[in-house]
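**Student:** The structure that follows is given in the form of structure tokens.
The values are calculated or read from the model by the stated rules, or taken from the named source; none is laboratory data. In this text, all values refer to a predicted model and were calculated from it rather than measured experimentally. Using ideal geometry, Cβ is built from the backbone for each residue, glycine included, and neighbour counts are taken over all protein chains shown. Accessible surface is based on the protein model in full, side chains and every heavy atom, while ligands, DNA and RNA are left aside. Shrake-Rupley method; radii C 1.70, N 1.55, O 1.52, S 1.80 Å.
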Amino acid sequence: MEFKCKSAWPFFVLLVWVCLLTSCTEERFLFFNRTSVKNAPADTPFVYKNTIVVEGDLSKDEKKRLSTELENYWDDSLRSRRQQRLFFYRIANPPVLDTANIPRTVSFMNGFLRSQGYYYALFRDSIRIDSLNNQQRASVIMYVNPGKPMIIDSFTYAIADTGLQKMAEQHKTESLIQAGKSVFSKDLISGELNRLVELYRNNGYFRLTREDLVAEADTMNQALLALSIDPLDQARQAAADSLNRPDHPTASLIIRLRMAGDGAIDPSHLRTYYNGNIIYYPETLVTELPDSLINDKSFKEVTNQEFTMRYREGDFVMRPLREHTYMRKGQLYNERNYYRTLNNLGVIGAWSQADAKPIVRQDSVDFHIFLVEAVPKNITLDVETSRNTGDFLSSNNLFGIAFNATYRNRNVWKRAIQSATSLRTGIDLSFNNGKTQIQTFQGSIGQSYSFPRLISPIRITGKKQLEGVRTVFNINASYADRTKFFRLRNLVTNWGYEWKKDNKAFQYRPINIELYSLDTLEGIREIFKQNNFLRYAFNTGSVVSQVFSFTTAYNDKNNNRHSNFIRVGVEESGALLGLIPSLRSRIYQYIKGEAEYSRLYNFSKTALALHAFAGLGYNFSKDPNIGNTLPFYKQFVAGGPNSMRAWGLRQLGLGSSLTSDTLSSNFRDRFGDMKLEANVEYRYHIAQISSLALGGAVFTDIGNIWNLRKNTSSPDGEFNPGRLGKDIAIGIGTGLRFDFNYFLIRVDMGIKLKDPARISNNGWLSIQDFTWTNKELNNSARRNNYAIQLGIGLPF
């Protein structure tokens with residue numbers, strides 16, 4: 001196979017860079033295994049490296065988990081002081097090898113394994129010493145065979161209180177422990193005890209705590225459950241246990257009340273309590289102490305029903321406090337409602353901190369709620385930049401810069417209403433063939449209000465089951481000038497509601513009005529002559545719609561390190577108003593839906609991120625001017641720093657159509673009524689440089705955009721399931737992440753592995769004939785086989 005070295009060498013440099021970065025964290029390349037040692041004892045064995053090998057009949061994932069966790073249980077005298085320095089490792093002041101401390105390490109590791117349900121672990125150590133100059137480098141290896149985990153074969157409650165026992169039995173189906181399946185682990189049993197305490201405290205048992213419950217185990221070998229504090233005794237016990245290792249170890253578990261020294265628990269812990277008085281302090285200073293405020297007699301007070309507000313200046317009215325309180329005087333104490341109250345008051349925005357001090361009074365609990373006032377008014381100034389390029393060498397580069405100014409008032413009319421006035425202006429500069437020009441100018445001004453309650457002409461029931469409720473009003477005017485192509489003016493206003501329930505967030509805009517005025521200039525009119533179908537997306541029309549969205553984020557039940565994110569959105573416009581003849585040609589009629597799903601697998605030093613997106617919009621208008629497609633500002637796009645990173649912004653699609661690539665104009669933005677995309681990204685840590693965490697990633701992006709209706713001006717631009725394999729685009733690449741904790745800068749480089757607009761090789765990249773620029777069409781359109789993206793934050 002013959003390679004064109006002149007054009008292909010950068011591609012291979014990229015591949016080598018990806019391989020080295022990926023491999024350095026796994027220490028597979030000798031080059032990145034180099035370790036320098038400082039202040040090593042001369043001619044004396046010292047601890048150079050630690051290795052743990054988990055053996056036995058366990059799954060690969062379980063072995064990896066245990067191996068990673070056991071690294072934390074080496075005795076300090078046997079722990080390698082190896083630290084990563086960018087691509088190399090460094091050891092400073094290594095400890096002298098002392099094999100007498102191996103039993104201590106065994107006892108620490110055995111204690112951890114027992115907490116995980118492994119009570120019959122076997123340990124075997126090995127030491128290898130390598131000589132280098134006058135250094136005696138000792139690698140300490142620990143072989144661990146955890147054995148079979150102990151299973152809970154029976155599980156019962158024996159709580160010496162009728163009310164508590166009955167409640168536990170009624171909710172036993174919610175138990176974390178399943179007899180015959182669950183492993184006898186410390187975390188599982190602790191989780192079950194915490195679940196019971198939460199259940200009781202949500203049903204009035206205010207004083208009952210985790211210390212009042214105890215779990216007792218019954219196993220054939222009780223010595224397993226009684227650990228000595230002497231490491232040598234522990235090691236001897238572990239050796240003795242290994243000789244009597246059962247094939248299937250089991251234990252019975254009983255949960256009961258902890259008995260006090262006199263044989264009875266404190267009676268106050270076994271009685272139920274009710275909500276008493278609720279007192280607010282909405283002007284609390286962060287330096288003030290709760291006890292001093294409670295005893296301060298200088299406060300003014302106002303009482304409304306069972307609520308009391310104590311204040312000095314009168315900065316707040318009571319209504320937002322009362323409406324976001326989920327407790328009522330005389331109700332049975334419920335800890336969930338107690339924390340819901342504090343959380344909701346804390347997220348309104350008027351207060352930066354919400355705390356409370358409960359005070360027991362006979363059979364009731366008074367709550368003093370202290371709210372630290374946030375900065376009431378402030379102005380923020382932001383500068384944003386973006387970079388999008390398709391070439392190392394200069395042409396077709398875009399650089400964007402935007403300035404934002406926002407004035408916020410966090411307590412309008414003393415009702416904790418949030419107000420934001422924003423001003424934004426920005427430009428996109430184009431660097432084309434050595435010339436710099438303004439490609440786009442944008443400006444906008446907006447005003448928003450967020451009311452901490454649901455404002456509705458109809459009565460809404462069940463509001464107290466919701467959290468974070470607010471009514472939102474927005475109005476925004478903007479202007480965009482795409483040089484030589486179009487000018488767009490719009491006024492957008494909407495009224496809607498936001499609320500949460502558990503980990504689910506909802507947003508509904510029953511009124512969303514968008515008025516547009518579009519001037520088409522000479523440049524885009526020339527494009528219409530070549531692609532008449534594009535004219536429908538650039539006709540002037542207005543949107544009168546309603547919008548609903550739903551998002552949720554949650555962790556896996558079996559592994560909290562794995563997280564999920566789901567978002568679904570639906571918008572409908574003109575279904576009713578579009579039926580009025582006089583409005584039919586002025587209001588877009590469409591329905592649009594989109595959904596995305598992300599999943600993140602977090603490992604010790606790496607992460608695997610998966611993402612999928614699907615969007616579809618259908619224009620059901622019969623009007624000849626604004627029918628056929630969605631307006632371009634509602635259509636989907638692909639390419640850029642957060643989507644299909646091997647393509648420039650809005651430079652992928654439609655389907656496998658070549659229309660946009662063959663236009664004589666340099667306006668080649670693509671918009672579609674449908675989008676499918678899937679992304680896989682493997683993230684890894686490279687180095688920690690002071691407060692900067694340097695990370696890397698390798699990724700692949702798969703997807704495209706399409707129109708729904710066939711168009712002779714853009715052949716193969718409509719969605720066709722039979723042509724999906726041809727239309728799908730695939731990009732691969734690598735990138736760096738500069739994480740400064742408070743923000744993250746990302747640089748990605750993507751290669752077009754499969755480009756539907758590539759005529760040869762069925763769209764697949766040919767390594768043999770690789771070039772950075774695709775010159776198949778032999779026209780003025782520059783089509784690069786790669787793109788470099790600059791982004792803020794992670795792509796998904």
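**Student:** What residues have an amide H closer than 5 Å to that of M327, excluding those fewer than 5 places away on the same chain, when H is modeled at 1.01 Å from N in the peptide plane?
**Tutor:** Result for M327 returns nothing.
**Student:** Just to be sure I understand the rule: take each whole DSSP H helix in the chain, project its Cα atoms onto its long axis, keep it if the span is 27 Å or more and its mean Kyte-Doolittle hydropathy is at least 1.0. Which ones pass?
**Tutor:** Helices passing the filter in the chain: 5-24.
**Student:** Taking amide H atoms as placed 1.01 Å from N in the peptide plane, list the residues 5 or more away in sequence, or in a different chain, whose amide H sits under 5 Å from that of L213.
**Tutor:** R258
**Student:** Using a 1.4 angstrom probe with every protein chain in place, what is the largest-first accessible-area order of L345, L289, L608? Could you put the intermediate results ahead of the total?
**Tutor:** Details: L345 0, L289 115, L608 50 Å².
Largest accessible area first, the residues go L289, L608, L345.
**Student:** Here's another thing I want to ask about it. Summarise the accessible area of the range 665-796 (1.4 Å probe, protein heavy atoms) by the percent that is carbon and sulfur.
**Tutor:** That share works out to 59 percent.
**Student:** Then there is this: Would you mind pulling out the separation of the Cα centroids of the range 351-384 and the range 540-564, in Å?
**Tutor:** 29 Å
**Student:** I've got another one for you. Taking 22 Å as R0, compute the FRET efficiency from the Cβ-Cβ separation of E55 and F603 and round it to 0.05. Walk me through the intermediate numbers first.
**Tutor:** Numbers: r = 21 Å, r/R0 = 0.96.
Working from the Cβ atoms, E equals 0.55.
**Student:** Something else: Determine ³J(HN,Hα), in whole Hz, for all residues of the range 126-140 in sequence, where each value follows from phi through the Karplus function 6.51 cos²θ - 1.76 cosθ + 1.60 and θ = phi - 60°; x replaces Gly and Pro.
**Tutor:** 8, 10, 10, 10, 10, 9, 9, 6, 9, 9, 10, 8, 9, 9, 9
**Student:** Here is a further query. Using heavy-atom solvent-accessible surface (probe 1.4 Å) with all chains present, what is the largest-first order of D161, D291?
**Tutor:** Descending order: D291, D161.
**Student:** Could you calculate the FRET efficiency of L132 with T771 from 1/(1 + (r/R0)^6), where r is the beta carbon distance between them and R0 is 51 Å, rounded to 0.05?
**Tutor:** Here the calculated transfer efficiency is 0.60.
**Student:** I would also like to ask the following. Efficiency by 1/(1 + (r/R0)^6): what FRET value for E306 and I401, r their Cβ-Cβ distance, R0 = 60 Å, to the nearest 0.05?
**Tutor:** So, using R0 = 60 Å, E works out to roughly 0.65.
**Student:** List every residue whose amide H lies under 5 Å from the amide H of L649, counting only residues 5 or more places away in sequence or on a different chain, with H placed 1.01 Å from N in the peptide plane.
**Tutor:** Amide H to amide H, under 5 Å and 5 or more residues apart or across chains, L649 pairs with G640.
**Student:** Shifting gears a bit: Ignoring ligands, DNA and RNA, how do K634, K726 rank by accessible area with a 1.4 Å probe, largest first?
**Tutor:** K726, K634
**Student:** Quick one: Cα centre-to-centre distance for the range 121-181 and the range 254-315, in angstrom?
**Tutor:** 40 Å
**Student:** Just in the range 677-785: which GluC sites (Glu not before Pro) are loop by DSSP and have at most 16 other Cβ atoms within 10 Å? List each step's numbers first, then the result.
**Tutor:** On the way: sites: E677, E681, E718, E776; in loops: E776.
Within the range 677-785, the qualifying GluC sites (Glu not before Pro) (loop, at most 16 other Cβ atoms within 10 Å) are E776.
**Student:** Follow-up question, since we're still on this one. Each label point is 7 Å from the Cα along the Cα-to-Cβ direction; what then is the distance between the points at I455 and E323, in nm?
**Tutor:** The modelled label-to-label distance comes out at 0.9 nm.
**Student:** A follow-up question, please. Spelling out what I want: for every residue of the range 443-454, take phi, set θ = phi - 60°, compute 6.51 cos²θ - 1.76 cosθ + 1.60 (Karplus), and round to whole Hz; glycine and proline get x.
**Tutor:** My calculation for the range 443-454 gives x, 7, 9, x, 9, 9, 10, 10, 8, x, 6, 8 Hz in order.
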